[in-house]
Every structure is written in structure tokens, then in C-alpha cells.
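Data block below; observations after.
The values are calculated or read from the model by the stated rules, or taken from the named source; none is laboratory data. Keep in mind that what you see is a predicted model, and the values were worked out from it rather than measured. Quick reminder, even Gly has a Cβ in these numbers, built from the backbone with ideal geometry, and neighbours come from all protein chains shown. Protein only, heavy atoms only, side chains kept; ligands, DNA and RNA dropped before computing areas. Shrake-Rupley method; radii C 1.70, N 1.55, O 1.52, S 1.80 Å.
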Amino acid sequence: MSKSGQWVGLMAVGLLSVRAMGAVNVATDFQTASAPSLPSYTPPYTVSTSDLINGMSPSASAGDFGVEISGGLPALTNGAYEDITQTGGAPDRTHGAFATAGGGSGTGSTVTYNLNTGASPGGYNLSNITVYGGWNDSGRDQQAYTVQYATVASPGTFVDLATVNFNPTVPDNTQTANRVIISETTLPFLATGVAAVRFNFSPSTENGYSGYAEIDVNGSAVPEPGLFGLIGALGAMGLGIRPRRGVR
């Protein structure tokens with residue numbers, strides 16, 4: 001690649017990796033079993049099987065996401081919200097639908113997912129991030145964490161995107177499932193040029209840790225801009241660069 005081509009590519013990544021000031025919205029919802037102590041409860045949510053981290057293992061994590069005979073880290077990206085078993089705790093109950101996070105009792109405290117920038121060198125435009133949680137009773141159903149992202153232009157710097165603190169009111173001894181959707185209300189995307197997403201789970205979660213069933217990071221690849229599209233974008237920014245006129 002020529003030096004001019006490299007310059008165009010670097011400038012394009014820089015332009016596409018900037019997050020403008022917008023308005024992040026956090027929408028919450030929860031559902032409960034119809035009666036206490038059911039043998040099994042099927043959550044009503046349909047999780048994505050094709051989001052940007054579906055089937056991925058994290059690039060980094062800290063803590064044990066498999067406490068209380070839970071599903072561990074694979075539960076977060078397996079494209080399923082499995083049935084929730086009857087109420088009660090380990091060892092007489094399993095929690096295969098969930099990963100355990102919050103830091104208490106050595107549970108998971110942070111997890112990072114690198115997106116497939118080999119398939120999209122410019123990174124990804126995020127449309128929304130949806131997190132599913134719950135438990136087989138009301139004791140560990142809180143969602144509490146900060147979501148961060150890093151861009152292709154600055155892969156080592158993580159920027160706060162949203163902080164979530166959602167603790168539904170659920171009857172005792174009743175299975176419950178919940179959902180948090182993080183989206184942008186004024187801009188086309190939550191963030192652009194994204195290379196990685198990180199979740200830092202709050203240590204102040206009720207009873208030390210909660211159950212998380214799935215994380216869906218939804219978005220699309222950043223299109224590779226052509227030279228003239230880039231020049232137009234620079235001109236719109238007032239940099240005074242114009243296409244060269246033809247010779248008469």
C-alpha cells in the first residue's frame with residue numbers, strides 16, 4: 001500500500017472511531033414465574049444467536065463466573081437463556097442458566113470481549129447492548145455494572161458507555177428473569193469503530209453477586225470508506241480539502 005493509501009486508511013479509522021455526545025438510554029424489564037417454587041421456569045425472552053460476541057470466549061476476565069454450580073462464562077455468549085431451576089441454593093440446586101458476577105465470594109468481577117476486527121478492520125458500529133439476568137429467587141437478580149468500549153483507533157483505552165443498577169422487586173422463593181437494553185436515543189449508534197467491549201461488575205451487588213444469563217452486543221461492521229467519501233467527510237469538517245478539478 002502507498003503512503004497516501006495508508007494515510008487515507010488511518011484518517012478514516014480516526015473519523016469513524018469518535019463517539020459524539022448523545023443520550024444513552026437504559027431500558028429495564030423483568031418477569032417472574034407464575035407461582036413460587038415451580039420445578040422449572042422458562043424465561044420469556046428470546047436472546048440473539050447472531051450478535052457480535054455470540055459463541056465467543058472472553059479475551060480477558062477476572063474472578064470465578066461458575067460459583068454455585070452455575071454455567072460460568074460460556075453461559076454469557078451461548079445464544080440461549082436456559083430454564084431456571086426451582087428455588088433454593090447450591091448444593092441442592094444448580095444454576096446452569098447463569099454466570100455469577102459481582103465480586104463477592106470470588107465471583108466474576110470483569111470480562112472483556114474483543115470483536116472480530118480481522119473481518120472488519122474499521123471496527124463495529126454498536127446499535128445496542130442487551131444483558132439478561134435473573135436467579136431462582138429474589139436474592140441474586142440485580143444487574144449492576146459499568147459497560148466500557150475501546151476503539152480500533154485507541155484499542156488500549158476503555159471509555160465508559162453506561163452504568164447499570166437495576167434491582168427488581170420479586171416475591172420470595174420465585175424464579176425471575178430480567179433484561180436491560182442499552183441504546184442511543186439521539187445518535188445513529190451507541191459508538192463507532194468499536195474493537196472491544198468490557199463489563200466491570202459492581203462489588204455492591206446484593207448479597208455479593210448476581211446471575212447473568214446472556215450478553216448480546218448488537219451492531220454491524222464499519223464500512224470501509226472510499227477516497228472520495230473520506231474527502232467529502234473532511235470537507236464537511238471544514239478542513240478545506242476539495243476534490244481536484246478536471247483539466248480543461
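Out of the strands (runs of 3 or more DSSP E) lying entirely within the range 155-229, which hold 1 or more residues that are under 20 Å from Asn78 (Cβ atoms) and at pLDDT 95 or above?
176-184, 191-201, 210-221
Would you please name the residue that is nearest to Ala60 (Cα to Cα), looking only at residues in the range 149-167 that are of a type outside the set (A, V, I, L, M, F, W, C) and buried (at least 18 other Cβ atoms within 10 Å of the Cβ)? Quick ask: steps written out before the conclusion?
First, pick out the residues of the range 149-167 that are of a type outside the set (A, V, I, L, M, F, W, C): 149, 151, 154-157, 160, 163, 165, 167.
Add one more test, that the residue is buried (at least 18 other Cβ atoms within 10 Å of the Cβ), and what stays is 149, 151.
Numbers: Tyr149: 14, Thr151: 16 Å.
This residue is Tyr149.
Return the residues of the range 206-224 that are buried (at least 22 other Cβ atoms within 10 Å of the Cβ) and within 23 Å of Ser109 (Cα to Cα); say none if nothing qualifies. Working first, answer last.
First, the residues of the range 206-224 that are buried (at least 22 other Cβ atoms within 10 Å of the Cβ): 209-217, 219, 222.
Those that are buried (at least 22 other Cβ atoms within 10 Å of the Cβ) and within 23 Å of Ser109 (Cα to Cα): Tyr209, Ser210, Gly211, Tyr212, Ala213, Glu214, Ile215, Asp216, Val217.
Please determine, by comparing only the residues of the range 100-148 that are in a loop (DSSP other than H, G, I, E, B) and of a type in the set (A, V, I, L, M), which one is most open to solvent (accessible area, probe 1.4 Å). Walk me through how you get there before you give the answer.
Quick first cut of the range 100-148, residues in a loop (DSSP other than H, G, I, E, B) only: 102-103, 109, 115-123, 136-137, 141-142.
Subset that is of a type in the set (A, V, I, L, M): 115, 119.
On the way: Leu115: 11, Ala119: 73 Å².
Among those that are in a loop (DSSP other than H, G, I, E, B) and of a type in the set (A, V, I, L, M), it is Ala119.
Consider Glu184 against the criteria (1) within 16 Å of Gly108 (Cα to Cα); (2) touching a Gly at 6+ places or on another chain (Cβ under 7 Å): it satisfies all of them except one. Which criterion is unmet?
(1)
Filter the range 16-47 down to the residues that are within 26 Å of Leu187 (Cβ to Cβ), at pLDDT below 90 and hydroxyl-bearing (Ser, Thr, Tyr) and list them by number.
Matches in the range 16-47: Ser17 only.
Taking the residues in the range 76-94 that are among the hydroxyl-bearing types (Ser, Thr, Tyr) and open to solvent by 30 Å² or more (accessible area, probe 1.4 Å) as candidates, determine which candidate is modelled with the highest pLDDT.
Taking the range 76-94 first, the residues among the hydroxyl-bearing types (Ser, Thr, Tyr) are 77, 81, 85, 87, 94.
Restricting the remaining residues to those that are open to solvent by 30 Å² or more (accessible area, probe 1.4 Å) gives 85, 94.
Details: Thr85: 87, Thr94: 84.
In this case the residue turns out to be Thr85.
Given (1) part of a loop (DSSP other than H, G, I, E, B); (2) modelled with pLDDT of 95 or more; (3) surrounded by fewer than 17 Cβ atoms within 10 Å (Cβ to Cβ), where does Ala97 come up short, assuming only one miss?
Among (1) part of a loop (DSSP other than H, G, I, E, B); (2) modelled with pLDDT of 95 or more; (3) surrounded by fewer than 17 Cβ atoms within 10 Å (Cβ to Cβ), Ala97 violates only (3).
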